[in-house]
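Undergrad: What follows is a single structure, and I will ask about it in a moment.
FYI, it's all coordinate maths here, none of it is from the lab. Quick caveat: nothing in here was measured; it's all calculated off a predicted structure. Here the Cβ is made from the backbone with ideal geometry for all residues, glycine too, and neighbour counts use every protein chain on show.
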Ligand code: SAH
């Protein structure tokens, strides 16, 4: 299997050649220091991985020749949205990186009553771009067929409006909550689930009530209190176990 993979837009594929530009080209040339005749995998975001050999390394593009194509069948059967509250430091980055490896399809970043971090317009745009880059790189490393979407930053109310019609859990560590597993068991026709994860200080009563108004159920993961960046990953793992993890590898030659 190739060591390095890159998502490349379809329009950069022509006649058995892939023209790699921008950040991907910079990675190949200056970060990884790959050379002509080195092998890479190119992902098209539509479920194919092209096994390529580098041919030419120009200043603003790297040319790779396609040798064979394989279908990438690694996406889970369930579409999982993680609604992650803004949190301090690198926590959101960690959730996006590891959540992508495990199989999250979409991250929606929200600010909540107890989110300590506030981002203004410019910084917010920069942060969202950084999160999208992290999702792309994690998806390449994990050999995902698709890059997860990263959207935000929106209010919890806006996020809930966008999720209407999706089976949604509010992760809430209270012993009165049902467990995520029991909540999943009560419905066997799930193809999309959203989980809402609170910030370091948890959700306020107002937010719990708001989520319930929108039809989200408060669920608990375990009796112990997890950090915000741990909670999303545990929830996603539990959902995947309940739905059945999928991911096989198939190869077909051109
Ligand atoms: N101090 C808060 C804990 C916040 S933990 C409190 O006591 O409520 C941060 C977030 O992680 C929580 O808002 C929740 O969404 C999630 N979380 C942590 N542990 C959890 C558990 N055992 N079950 C469900 N959600 C949990």
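Undergrad: Could you state, as a whole-number percent, how many of the C-alpha pairs of region 5-71 are farther apart than 15 Å?
TA: Values: 927 of 2211 pairs.
Cα-Cα pairs of region 5-71 separated by over 15 Å account for 42 percent.
Undergrad: Tell me, what is the percent relative contact order of the chain, built from C-alpha pairs under 8 Å that lie six or more residues apart? Display every interim value, and only then the final one.
TA: Numbers: 503 pairs, mean separation 58.1, N = 254.
Relative CO of the chain lands at 23 percent.
Undergrad: Right, here's the next one. Which residues in region 104-131 have a backbone N closer than 15 Å to a point placed 7 Å from the Cα of residue 214 along the Cα-to-Cβ line?
TA: Output list for this probe position: 107-114.
Undergrad: Right, next: Could you rank the peptides 215-226, 148-159 by their average count of other C-beta atoms within 10 Å per residue, with the highest value first?
TA: Put in order of decreasing packing, that is 148-159, 215-226.
Undergrad: Then there is this: Using a basic spin-label model with each label point 7 Å from the Cα along Cα→Cβ, how many nm lie between residue 155 and residue 48?
TA: Placing both labels 7 Å beyond Cα along the Cβ direction yields 4.6 nm.
Undergrad: At 1.567 mPa s and 4 °C, plugging the Kirkwood radius over alpha-carbon pairs of the chain into Stokes-Einstein gives what diffusion coefficient in µm²/s?
TA: Details: Rh = 19.6 Å.
Using the Kirkwood radius from Cα pairs, D works out to 66 µm²/s.
Undergrad: Taking the number of other C-beta atoms within 10 Å as the exposure measure, put 172, 68, 98 in order starting with the fewest. Before the final figure, lay out each step's value.
TA: Values: 172 21, 68 12, 98 17.
Exposure proxy ranking, most exposed first: 68, 98, 172.
Undergrad: For the pair residue 73 and residue 225, how long in nm is the line joining their label points, each one 7 Å along Cα→Cβ?
TA: So the two model labels end up 4.5 nm from each other.
Undergrad: Using Cβ counts within 10 Å as a stand-in for footprinting exposure, how do 66, 134 rank, fewest first? Display every interim value, and only then the final one.
TA: Values: 66 16, 134 20.
Ordered by Cβ neighbours within 10 Å, fewest first: 66, 134.
Undergrad: Taking the Cα atoms only, what angle lies between the long axis of helix 121-142 and the longest principal axis of the chain, rounded to 10 degrees?
TA: Once rounded, one gets 60 degrees.
Undergrad: I would also like to ask the following. Go ahead and estimate [θ] at 222 nm for the chain from helices alone: -39,500 (n - 2.57) per DSSP H run with n ≥ 4, summed, over the residue count, rounded to 500.
TA: Working: 7 runs with 77 residues, N = 254.
Only helices count here, giving -9000 deg cm²/dmol.
Undergrad: Next up: Sort 207, 93 so that the residue with the fewest other Cβ atoms within 10 Å of its own Cβ comes first and the one with the most comes last. Before the final figure, lay out the partial values.
TA: Numbers: 207 22, 93 15.
Listed from fewest to most nearby Cβ atoms, that is 93, 207.
Undergrad: I'd like the distance separating the alpha-carbon centroids of region 50-123 and region 172-215, in whole Å.
TA: 24 Å
Undergrad: What is the distance, in nm, between label points placed 7 Å from the Cα along the Cα-to-Cβ direction at residue 35 and at residue 124?
TA: Reported label-point gap for residue 35 and residue 124 is 4.9 nm.
Undergrad: Further, regarding this structure: Tilt of helix 91-102 relative to the longest C-alpha principal axis of the chain, in degrees (0 to 90, nearest 10)?
TA: Taking the Cα atoms of the chain, the angle to 91-102 is about 70 degrees.
Undergrad: Could you give the C-alpha radius of gyration of region 76-132 expressed as a fraction of 2.2 N^0.38 Å, taking N as the number of residues it contains?
TA: Working: Rg = 11.9 Å, N = 57, 2.2 N^0.38 = 10.2 Å.
Ratio of Cα Rg to 2.2 N^0.38 Å: 1.16.
Undergrad: Now, a different point. Stretched out fully, how many nm does the piece from residue 56 to residue 2 gain, at 0.36 nm a residue minus the Cα gap?
TA: The span from residue 56 to residue 2 would gain 17.6 nm if fully extended.
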